[in-house]
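Please treat every number below as a calculation from the coordinates, not as lab data. None of these values were measured; they are calculated from a predicted model. No Cβ is skipped: glycine too gets one built from the backbone with ideal geometry, and neighbour counts run over all protein chains shown.
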Amino acid sequence: MGFRILLAGAAGAIGSRLVPLLLDAGHTVAGTTRSSAKADKLRGRGVEPIVVDVFDADALKEAVVTARPEIVIHQLTDLPPGIEPSRMAEAIVGNARIRDEGTRNLVLAALAAGSRRLIGQSIAWAYATGRQPYREDAPLDGQAEGNRAITVNGVIALERQILSSPPLEGVVLRYGRLYGPGTGVDAPPASLPLHVDAAAYAALLAVGSKSSGVFNIAEPNDEVATEKAVGQLGWHADFRRPARPIAE
C-alpha cells in the first residue's frame, strides 16, 4: 500500500529522478515547483503539481494541508545549472536561506497537515575537521568562516528543524557531490561522488524505512562512512534507474 507523498522540489535534479521511483512503488505524489511550465511537465508524469514559493509560508501551509501528505520529502535547493562558478556566491546565500527559512516553513506546513515523516536533503561535506571517515555522530563545522560558514550554518539549521520537530519522524540524508542526468556534471567528482539516481534511491528507501535520524549517502570513499545507510536503509551506491522506453 502506497503513501501520500509531498515532494518539495519535484522538478529539481534529484526530484526528477525520484518521481518515477515513487510512482512505480505505488505512492501518490504531489510535487511543488515555482514554475507553471514545470507544473505542466509534472502533471504529465503523473504528479499532482503545486505551484508555490517555499518562502510564502501561508500559501505553502495551505497547499500542504490540502494535499494531506503522510510523508514530506524536502529536495529544495537554489543552485545554478552545472554549479556555474560565476553564480555560486549568490547561490550559496539563496541555498542557505532555503535550508533555514524554507525548511522552517515546510516543517510548520507538514505539522499542520498531520504528516508523520519528513525526509530532508543535506550534504556530507559539512563536518568539522577530525578523524576520518566521519560517521553521522561526528560534529558539523560550526566554527567555519566565509562562504563555508554560510553553507554549514544553513545545514545546521535544516537538520535541527527536521530532527527536532515532533511528532514528525525526521530523516536527514547527507548527500555527496552529485553527478549524472540533470546535475550538469557527467563524471564522478574527485571528492564524495554520488550519482543522482543513487541519491534518489536513498530518499525512496527512507520513505518505507522504520529508521530515522542522519545517514551519509555517498559512493565508497575515505571521507565519510556509509555503513549506516547500507545497513539500516538497505541502500547501495550502484543503483541506477532503469531506462524508460520513451522520452520523459
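With helices as the sole contributors, the chain gives -10500 deg cm²/dmol at 222 nm; each DSSP H run of n ≥ 4 counts as -39500 (n - 2.57), and the sum is divided by every residue.
Given the range 4-233, what percent of its DSSP beta bridges are antiparallel, to the nearest 5?
Numbers: 2 of 35 bridges.
The answer is about 5 percent antiparallel.
Only lysines eight or more places from K210 in sequence, or on another chain, were considered; those with a Cα closer than 29 Å are K61, K228.
Stokes-Einstein diffusion for the chain, with the hydrodynamic radius set to the Kirkwood value over Cα pairs and evaluated at 20 °C in a medium of 1.002 mPa s, equals 119 µm²/s. Sequentially through the range 216-228, phi angles give Karplus couplings (6.51, -1.76, 1.60; θ = phi - 60°) of 6, 10, 7, 5, x, 7, 9, 8, 10, 8, 10, 4, 5 Hz, Gly and Pro residues having no value and appearing as x.
Return the FRET efficiency for the residue pair D24, Q143: r is the Cβ-Cβ distance, R0 is 35 Å, and the value is rounded to the nearest 0.05.
Details: r = 44 Å, r/R0 = 1.25.
Calculated value: 0.20.
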